[in-house]
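Read the structure below first, then the notes.
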Amino acid sequence: MVLTCEVCGKPIRGPPNRVEIDGAILNVCSSCAHRGSPVGPPPAPRGAPVARHYSAVGQNQDLEVDPDYHSIIRLAREKMGLTQEQLGRALNVKPSVISHLETGKMKPDLMLARKLMHQLRVNLLVSSSELDRVGS
């Protein structure tokens, strides 16, 4: 794997230079190193990252977004006294996304559902088997 400079995009020959530019720590080539202030050496490489999936429902279950997600999100947001703009800012999404979620026009993917769960302190995920039982 060839490392590329995070500023100019050229391949980095030799060890990368770690610099801080506008608060971000970047691996850059020797030509771009003067653009920031030096930071310590890069962290030692570790083994391949292990994917972990955490949920309140269970580790090995198929999870789906609760069919009543739109009202859960709206009620939790209102209970916390947040506007759609404030919640959007906290989640790094546009306020229109929050509006679409609350009206049911858009269903959140698992990553957005988890962000919402964390921010609003609610559970939006249910196991597929639980949905089957309720639907029967």
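The values are calculated or read from the model by the stated rules, or taken from the named source; none is laboratory data. Only a predicted model underlies this, so the values are computations on that prediction, with no experimental measurement involved. With ideal geometry, Cβ positions are generated from the backbone for all residues, glycine too; neighbour counts draw on all protein chains shown.
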Out of all the residues in the range 91-111, which are crowded, with 16+ Cβ neighbours inside 10 Å and under 16 Å from the mean Cα position of the chain (by Cα)? Leu91, Val93, Val97, Ile98, Pro108
Single residue of Gly36, Gly58 found to be touching a strand residue (DSSP E or B) at 6+ places or on another chain (Cβ under 7 Å), within 19 Å of Val122 (Cβ to Cβ) and modelled with pLDDT under 90: Gly58
For the range 62-136, please list each of the helices (runs of 4 or more DSSP H) lying entirely inside it that holds at least 3 residues being in contact (Cβ under 8 Å) with a residue 40 or more places away in the chain and hydrophobic (A, V, I, L, M, F, W, C). 69-79, 110-120
Selection from the range 24-40 of residues of a type outside the set (Gly, Ala, Ser) and free of Cβ contacts under 8 Å to residues at least 24 places away in the same chain yields Ile25, Leu26, Val28, His34, Pro38, Val39
Has the range 101-119 got any residue that is modelled with pLDDT under 95, within 24 Å of Asp62 (Cβ to Cβ), among the hydrophobic types (A, V, I, L, M, F, W, C) and in contact with an Asp or Glu (Cβ under 6 Å, 6 or more places away or on another chain)? no
Going by the conditions given, is Ile72 modelled with pLDDT under 90 and either within 26 Å of Ser127 (Cα to Cα) or surrounded by 13 or more Cβ atoms within 10 Å (Cβ to Cβ) (or both)? no
